[in-house]
Amino acid sequence: MTKKEEWALTRKKLASQTLPEWLQERVDSGELNLLDEETRQTLLKQTLSSYLKDKPLWIFAYGSLMWNPTFHFEHVEPCTLKDYHRQFCIRDVIARGTSAQPALMLGIEQGGKCQGLGYQISPKEVNKELEILWNREMLTGVYVPTWVDIWLSSNEKVSALTFTMNQSHSNYLPGLSLAEVSQFMATASGPLGRNSDYLLQLVGRLQELGLEDESMSELRQALIK
């Protein structure tokens, strides 16, 4: 098994109650700080307190959840989130970067609009599937679970859960220019591959779905020049 396969995000790994060895090593070394379990569960309970029980729950996906959701769902379709946009603004020294050459992870920040995928989870599966999602997105506290309104393909507006940028987190890098982001992407690489590969996969997936993100396409063009 290669390092990339060992580190790959799978449902089985995310359902485990113990940290993978590679992740524990980085916690022990001080490279990675995790939220304690009590805080994570408190955030989960607070988030679920706004969920209407016995109703489907929608998840808005804008990054790798669009091609590797890992949670079970009963329906998915393209959708639009208004007043937010994608931004590579999270310092990553674990998956696609190192301490010497950090990578950038994707978040969403206020302003503009963001096209992505809306996943619908059945009411009976909500608690179990959110545990999977929490083990993926809420380990470090770099994201904030946020309820937003999304517009489906039919133009129907529904409430959805997504993960916005925690602007108080130490790994938040605000205000990066296109040239600065491009420089990170051109040099960073880690066990999950090159930072630039993530961007190429993102733009490719958006194109497959017939969705647009001009800033991501511009960044791709800057990288391949």
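The values are calculated or read from the model by the stated rules, or taken from the named source; none is laboratory data. Note that the coordinates shown come from a computational prediction; the quantities given were computed from them, not determined experimentally. Glycine also receives a Cβ, built like all others from the backbone with ideal geometry; neighbour counts cover every protein chain displayed. Note: accessible area is taken over every heavy atom of the protein model, side chains too, but ligands, DNA and RNA are not part of it. Shrake-Rupley method; radii C 1.70, N 1.55, O 1.52, S 1.80 Å.
Summary table
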item	result
Added length on full extension, which subtracts the Cα-Cα distance from 0.36 nm per residue, SER170 to LYS53	38.6 nm
Relative contact order %, segment 73-176, counting alpha carbon pairs below 8 Å whose residues are six or more apart	32 percent
Heavy atoms of VAL203 accessible to a 1.4 Å probe, total area in Å² rounded to 10	10 Å²
Carbon and sulfur %, accessible surface of the chain computed with the full protein complex present, 1.4 Å	49 percent
Filtered GluC sites (Glu not before Pro), segment 177-225: DSSP coil and at most 12 other beta carbons within 10 Å	GLU212
Listed residue pairs exceeding 21 Å between alpha carbons, taken from LYS45/LYS157; LYS13/LYS113; LYS53/LYS124; LYS82/LYS157; LYS128/LYS157	LYS45/LYS157; LYS13/LYS113; LYS128/LYS157
Relative contact order computed over the chain (Cα-Cα under 8 Å; 6+ residues apart), in percent	25 percent
Residue (of TYR143, LEU43, GLY63) at the positive-pole extreme of the chain, dipole from beta-carbon charges	GLY63
Computed [θ] at 222 nm, deg cm²/dmol, the chain (DSSP H ≥ 4; -39,500 (n - 2.57); rounded to nearest 500)	-10500 deg cm²/dmol
1.4 Å probe accessible area per residue over segment 10-126, in Å²	52 Å²
About the Cα centre, charge dipole magnitude for segment 1-155 (Lys/Arg +1, Asp/Glu -1 at Cβ), debye	300 debye
LEU173 long-range amide H proximity, modeled H, under 5 Å	ILE90, ARG91
Overall form of segment 132-218 per C-alpha gyration tensor (a/c, 1.5; a/b vs b/c)	oblate
Average accessible surface area per residue within segment 148-207, 1.4 Å rolling probe, Å²	49 Å²
